[in-house]
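*Asks:* Take a look at this one; I'll ask things after.
Every number in this text was worked out from the coordinates using simple rules, so none of it is lab data. Everything numeric in this text was worked out from a predicted model, so none of it was measured. Here the Cβ is made from the backbone with ideal geometry for all residues, glycine too, and neighbour counts use every protein chain on show.
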Amino acid sequence: MPHAIFSEDWMDLREIGEFGLINRIRKWTPTSDPALLKGIGDDVAVIGTGAKVWLVTTDLLIEDIHFKLTWTDAFHLGQKALFVNLSDIAAMGGVPKYFLISLGVPENLSLSFLSSFYRGLKGVAKRFGVDLIGGDTSVSRKIIINICLMGEGKRGSLLFRSGARVGDDLFVSGTLGDAALGLRILQKNGLHAKPIGLTRKHHSPSPRIQLGQTLARHHWATAMIDVSDGLLIDTNHLLEESGVGARIWENRIPLSKLYQKWIHSFSKSPYQFALSGGEDYELLFTAPPEMRKRILHLALSLKIPITQIGKIVPRKEGLHLIRKDGKEYSPSRLGFDHFKKG
Ligand code: ADP
Ligand code: MG
């Protein structure tokens, strides 16, 4: 059959973006294996037929795309490669277990760089009780790091992106925007830039494993995602998978003291990095209003700030932000996309 004139084949990735591509891959590769409980579309894939299920996730870090050696050292890079995968397991409420690591490395990379990298990696693995079980190695022009992390979960006690219901509250852990602001400071002033409180959030985000597990185990939340690409973009993923909309109050978005002090040097808009900056690796989740008290108690007992920033509304209302003066707006750009710029 000749190609229909509305064929997409002439388009490129700048038009459809990273998430447009992932949606198409999802359509090109349908699966019908009953053991596959979640495939493409969530923070991790979920596989299993019994009460205990396997969780699998993978993430890629590429030199000069995700990091530059002028502002990242090998030790922190090793830590971060594992942190970002742990965060995806946290977002399901799972228990991380084993990982594989594949490396592409230039032939002139020093052994001391690699031993520092593995020291960083090993420290995080020990802290979170995960074991390295294999990987692959190749020569490459730039450093490429890919980790595939496996974890365990209980079938009835996992939190997907898809469970949010109209009327739920929308919560986020920690503070937002610090990692993106930290990155800007590192880019401007190099590896030893200050304040460390912000640059550290970029190099060493803390995956919220315990928080994720507690919310999932007690069924206090209805849906969850980790904030890796930015608050708006990740909220949008959760809304799309759940088939709902949301309202977010800008002035409820949790900002650290350091963020509030430094944001003015980098942006005229006080919320820009908190809304659209990535890599905070905090948890964004929804829960019915009757869970509010329990969630606030949990925040106190884990000593992790948890803030209600919005409400889930019907899908037709879309995603809206409410300014301090009560005016609502719909964000024109959600955040970072690898292929769509500007
Ligand atoms: P996260 O930010 O949580 O790591 P992503 O936005 O990277 O998630 O990915 C969203 C979903 O798309 C996940 O289920 C992921 O496994 C899947 N995915 C991403 N890239 C590809 C790809 N190239 N092929 C197949 N699935 C992919
Ligand atoms: Mg994720």
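*Asks:* What is the local net charge at THR57, summed over the other residues whose Cβ is closer than 12 Å to its Cβ (Lys, Arg +1; Asp, Glu -1)?
*Replies:* Taking every other residue near THR57 into account, the sum is -3.
*Asks:* Divide by every residue of the chain the summed helix terms, -39500 (n - 2.57) for each DSSP H run of at least 4, and state the resulting mean residue ellipticity at 222 nm, rounded to the nearest 500 deg cm²/dmol. Before the final figure, lay out the partial values.
*Replies:* Values: 10 runs with 114 residues, N = 342.
Here the helix-only value at 222 nm equals -10000 deg cm²/dmol.
*Asks:* Among ALA299, LEU158, GLY120, whose Cα sits farthest toward the positive end of the charge dipole of the chain (+1 at Cβ of Lys/Arg, -1 at Cβ of Asp/Glu, about the Cα centre)?
*Replies:* ALA299
*Asks:* Taking only Cα atoms of the chain, what ratio of Rg to Rh do you get with Rh as the Kirkwood inverse-distance radius?
*Replies:* 0.96
*Asks:* Can you return the aspartates and glutamates within cross-link range of LYS97? Criterion is Cα-Cα under 14 Å, with same-chain partners fewer than 8 residues away left out.
*Replies:* ASP88, ASP131, GLU152
*Asks:* How would ILE40, ILE89, ILE309, ILE248 line up from fewest to most surrounding beta-carbon atoms within 10 angstrom? Walk me through the intermediate numbers first.
*Replies:* Details: ILE40 13, ILE89 29, ILE309 24, ILE248 20.
Placing the least packed residue first, the sequence is ILE40, ILE248, ILE309, ILE89.
*Asks:* While we're looking at this one, here's another question. Cross-link partners among lysines for LYS68, C-alpha distance below 23 Å, same-chain residues fewer than 8 apart left out?
*Replies:* LYS80, LYS122, LYS142, LYS188, LYS194, LYS201, LYS340, LYS341
*Asks:* A follow-up question, please. DSSP beta bridges in the chain, what fraction antiparallel, as a percent rounded to 5? Mind showing how you got there, number by number?
*Replies:* Working: 46 of 60 bridges.
In the chain, DSSP labels about 75 percent of beta bridges as antiparallel.
*Asks:* With springs only between Cα atoms under 10 Å, which of ASP280, ASP43, ASP59 fluctuates most in a Gaussian network model of the chain?
*Replies:* The residue with the greatest mean-square fluctuation here is ASP59.
*Asks:* What does the charge count around LEU37 come to, taking other residues whose C-beta lies under 15 Å from its C-beta (Lys +1, Arg +1, Asp -1, Glu -1)?
*Replies:* 0
*Asks:* If amide hydrogens are placed 1.01 Å from N in the peptide plane, which non-local residues have theirs closer than 5 Å to the one on PHE339?
*Replies:* Distant-sequence amide H within range of PHE339: GLU18.
*Asks:* Which residue, SER87, SER204, SER330, has the most motion in a Gaussian network model of the chain that connects Cα atoms within less than 10 Å?
*Replies:* Greatest mean-square fluctuation among the candidates belongs to SER330.
*Asks:* Classify region 129-260 as rounded, prolate or oblate, taking a ≥ b ≥ c as the square roots of the eigenvalues of its Cα gyration tensor: rounded when a/c is under 1.5, otherwise prolate if a/b is larger than b/c and oblate if not.
*Replies:* Values: a/c = 2.01, a/b = 1.19, b/c = 1.69.
It is oblate, given that a/c is not under 1.5 and a/b is not larger than b/c.
*Asks:* Which distance in nm do the two modelled labels at ASN108 and SER32 give, with both placed 7 Å along the Cα-to-Cβ direction?
*Replies:* Using points 7 Å along Cα→Cβ, the separation is 5.5 nm.
*Asks:* Can you tell which of GLY326, GLY153, GLY120 shows the greatest fluctuation in a Gaussian network model of the chain with Cα springs below 10 Å?
*Replies:* The residue with the greatest mean-square fluctuation here is GLY326.
*Asks:* Could you give me the radius of gyration and the Dmax of region 121-195, taking only the C-alpha atoms into account and expressing both in angstrom?
*Replies:* Rg and Dmax of region 121-195, Cα atoms, are 18.9, 52 Å.
*Asks:* Taking 0.36 nm per residue of sequence separation and subtracting the Cα-Cα distance, how much length would be gained by fully extending the chain between LYS293 and SER162, in nm to one decimal?
*Replies:* Length gained between LYS293 and SER162: 44.8 nm.
*Asks:* For region 56-66, take each phi angle, set θ = phi - 60°, evaluate the Karplus expression 6.51 cos²θ - 1.76 cosθ + 1.60, and give the result in whole Hz per residue in order, putting x for glycine and proline.
*Replies:* 9, 9, 9, 9, 10, 10, 10, 4, 6, 10, 8
*Asks:* Chymotrypsin sites (Phe, Trp or Tyr not before Pro), restricted to region 1-109: which are DSSP loop and have at most 13 other Cβ atoms within 10 Å?
*Replies:* PHE6, TRP10
*Asks:* Cα to Cα, under 19 Å, and not fewer than 8 places away if on the same chain: which aspartates and glutamates meet these conditions relative to LYS327?
*Replies:* GLU250, GLU317
*Asks:* Here is a further query. Kirkwood Rh, Cα Rg: Rg to Rh for region 190-342?
*Replies:* Using Cα coordinates only, the ratio equals 0.95.
*Asks:* Span-like helices, the chain: DSSP H, alpha-carbon axial extent 20 Å or more, mean Kyte-Doolittle -0.5 or greater, which ones?
*Replies:* 74-90, 111-128
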